[in-house]
1. State yes or no: is ILE49 β-branched (Val, Ile, Thr) and buried (at least 24 other Cβ atoms within 10 Å of the Cβ)?
2. Scan segment 16-46 for residues that are more than 26 Å from MET279 (Cβ to Cβ) and at pLDDT 75 or above and report the count.
3. Restricting to segment 364-377, count the residues that are within 26 Å of ARG298 (Cβ to Cβ) and buried (at least 24 other Cβ atoms within 10 Å of the Cβ).
4. Can LEU60 be described as modelled with pLDDT of 70 or more and under 20 Å from VAL105 (Cβ atoms)?
5. Under 19 Å from the mean Cα position of the chain (by Cα), within 30 Å of THR401 (Cβ to Cβ) and in a helix (DSSP H, G or I): is that true of ALA289 in this structure?
6. Got a sec? Which of GLY280, GLY316, GLY293, GLY275 is modelled with pLDDT of 90 or more and out of contact with any strand residue (DSSP E or B) (no Cβ under 6 Å at 6 or more places or on another chain)?
Amino acid sequence: MNNKSRWLSLIVLCTGFLLIVVDMTIVNVALPSIQHDLGFSQSGLAWVINAYLIAFGGLLLLAGRLGDLLGRKRVYLAGLAIFVGASLLCGLSFSQPMLIAARFVQGIGGAVSSAVILAMIVTLFPKPDEQAKAFGVFSFVASAGAAIGLLPIGIATAIAAARLLDGDRGIGIGKGADALGALLVTAALMLGVYTIVESSDYGLGSAHTLGFGAASLALLGAFAARQAFGRNPILPLRIFASRKLSAANIVQALMSSAFLGFFFLGSLDLERVLGYGPMGIGLAFLPVAIVMGLFSLRLSPLLINRFGPLAILVAGQLVIAIALGMLGFGPTNAGYVTYLLVPLALLGLGGGLSFPSLTIIAMSETSPTDAGLASGLLNTSGQVGGALGLAVLATLAGARTLNLVASGSSSAAALAGGYHLAWLVGAATVVVTLAIAVPMLRATTPVEDEVAVLESERAA
């Protein structure tokens with residue numbers, strides 16, 4: 001494949017991922033209309049989101065491995081077809097069960113298509129300097145979720161992918177045809193995501209949450225035993241021998257919990273405390289997307305090639321921690337320009353530095369036959385970590401708000417106090433992430449890194 005075709009293929013892959021980002025934005029904005037038109041209760045409306053998250057988070061790992069076994073282009077196109085078809089069904093839904101079922105199928109399509117994207121980028125761009133640029137473009141597209149139609153762009157992306165992406169046969173279904181293992185891990189992850197998203201209603205310490213959480217952990221334990229002793233494991237445990245991949249997944253989970261938790265609670269703070277409407281909330285978060293996109297596309301690749309991905313990851317985490325600390329220590333009635341604009345821009349800067357660097361680190365020691373699995377694993381860590389972190393932060397914020405109300409604080413001050421505490425906890429989580437990242441991800445010396453670069457260039 002020539003150089004032009006490779007970059008066109010990257011644009012196709014990024015556009016496919018953009019579908020998922022745009023879908024999340026559109027559904028969140030449309031929730032009030034959905035509730036009014038289909039008569040959802042408040043608790044029932046949550047299932048419009050939860051049905052998608054359960055399928056998406058539960059199938060990422062399996063989908064990534066299927067990409068290695070069956071061929072990533074084939075799996076990517078199948079995921080796009082499922083996603084676009086389910087998007088059409090969502091638009092045509094005339095009842096609550098139909099919409100929830102369509103959202104579940106849409107989550108399946110999103111997982112299947114997105115799980116193999118990182119692996120395909122690594123295959124297209126084996127050289128470290130090219131990978132930095134490619135992952136910068138990917139992060140830019142992921143942060144630029146504009147309000148555009150899903151169905152037309154989905155069809156166009158599927159056609160372009162079929163024409164531009166190189167086909168690969170995969171290593172064969174016989175190399176990882178562990179049907180029982182696939183069933184165990186998918187059931188465990190779906191049950192785990194269900195437990196997390198429902199914990200906001202039942203409480204983290206409730207019998208419902210603890211019972212289903214224990215069942216999910218039991219299924220994961222059975223899956224681990226199956227992978228350790230089975231003939232053709234779907235998740236070979238040898239993949240965790242890579243110190244960088246294992247540590248990167250821990251960092252991904254912790255970083256996602258702080259980052260995604262802020263956006264959810266930040267939206268509530270802007271609405272309930274500061275009185276912003278839907279349009280105002282979207283515009284308020286715009287600096288995050290703009291700064292993250294600019295750094296991901298232009299500056300992050302240059303900095304990564306100059307200083308290395310670990311140094312840039314640490315710098316990005318420090319910036320995120322500072323931003324969350326500034327927000328957490330801000331006043332109740334924070335003026336946007338005075339107290340919010342700078343920390344929001346810093347969050348975009350931290351994300352633009354961190355996400356491309358972490359992706360490069362995670363995929364750097366992965367063999368071509370395991371690239372899809374590593375890609376799905378990294379995405380799964382982000383989804384599950386983000387969901388669990390959000391549940392914990394929301395619970396802490398709610399408890400803090402109740403305590404402040406009981407002590408006589410006004411409603412606005414109590415709500416703000418809860419949100420600010422959650423952001424400070426998020427900042428502390430990022431500091432913990434840093435403490436893990438520096439010693440664990442420094443798995444090779446500069447000489448070994450140079451040898452790896454020379455070998456990748458020779459292989460190309």
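The values are calculated or read from the model by the stated rules, or taken from the named source; none is laboratory data. Everything numeric in this text was worked out from a predicted model, so none of it was measured. Glycine also receives a Cβ, built like all others from the backbone with ideal geometry; neighbour counts cover every protein chain displayed.
1. Numbers: β-branched (Val, Ile, Thr): yes; buried (at least 24 other Cβ atoms within 10 Å of the Cβ): no.
So ILE49 does not fit the description; no.
2. So the answer is 1.
3. So the answer is 1.
4. yes
5. Details: under 19 Å from the mean Cα position of the chain (by Cα): yes; within 30 Å of THR401 (Cβ to Cβ): yes; in a helix (DSSP H, G or I): yes.
For ALA289, the condition - under 19 Å from the mean Cα position of the chain (by Cα), within 30 Å of THR401 (Cβ to Cβ) and in a helix (DSSP H, G or I) - is met.
6. Values: GLY280 fails: modelled with pLDDT of 90 or more; GLY293 fails: modelled with pLDDT of 90 or more; GLY275 fails: modelled with pLDDT of 90 or more.
Just a single option satisfies the conditions, and that option is GLY316.
Results for (1) among the small types (Gly, Ala, Ser); (2) out of contact with any Ser or Thr (no Cβ under 9 Å at 6 or more places or on another chain), shown as yes or no for each residue.
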{"site": "VAL319", "(1), (2)": "no, no"}
{"site": "ALA323", "(1), (2)": "yes, yes"}
{"site": "GLY328", "(1), (2)": "yes, yes"}
{"site": "LEU344", "(1), (2)": "no, yes"}
{"site": "LEU347", "(1), (2)": "no, yes"}
{"site": "PHE355", "(1), (2)": "no, no"}
